[in-house]
């Protein structure tokens, strides 16, 4: 069985905008990827700022089978423990969701490779 991935906002944005590494995200989506509700909000907000319609994007992502995972008390606790390894809430939301669900975090952010206790895969080469 393939690994399950928890997508960071950067990975979803790369996929939707067909930026470098988007094909890797497409593969993860085929295998049944998930995203934290916090990171989904980040994606929708960034695209709304670029003039896109959040409702249409959400419908498209859900049609691809993207599972949206809640940001729970447990993921909040884990996210709090990740500070100062990463300071951005969106980063900690993805990483803590991946940790809580035994998933690999899929991101465009190379700095995550240094976070211990969670598998991280970067979609863009060096």
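No value in this document is a laboratory result; all are computed from the given coordinates. Since we're looking at a predicted model, the values are computed, not measured.
For helix 73-82, report the angle its Cα long axis makes with the longest principal axis of the Cα atoms of the chain; keep it between 0 and 90° and round to the nearest 10°. It is inclined by approximately 70 degrees.
Only helical runs count toward this figure. For the chain, summing -39,500 (n - 2.57) over DSSP H runs of n ≥ 4 and dividing by all residues gives -14500 deg cm²/dmol at 222 nm. Angle of helix 89-101 to the longest C-alpha principal axis of the chain, folded into 0 to 90 degrees and rounded to 10: 70°.
Compute the length gained on full extension between residue 27 and residue 52: take 0.36 nm times their separation in residues and subtract their Cα-Cα distance, giving the result in nm to one decimal.
Values: separation 25, 0.36 × 25 = 9.00 nm, distance 2.41 nm.
So the chain would gain 6.6 nm between residue 27 and residue 52.
What do you get for Rg/Rh of the chain when both radii come from the Cα atoms and Rh is the Kirkwood radius? Over the Cα atoms of the chain, Rg/Rh equals 0.94.
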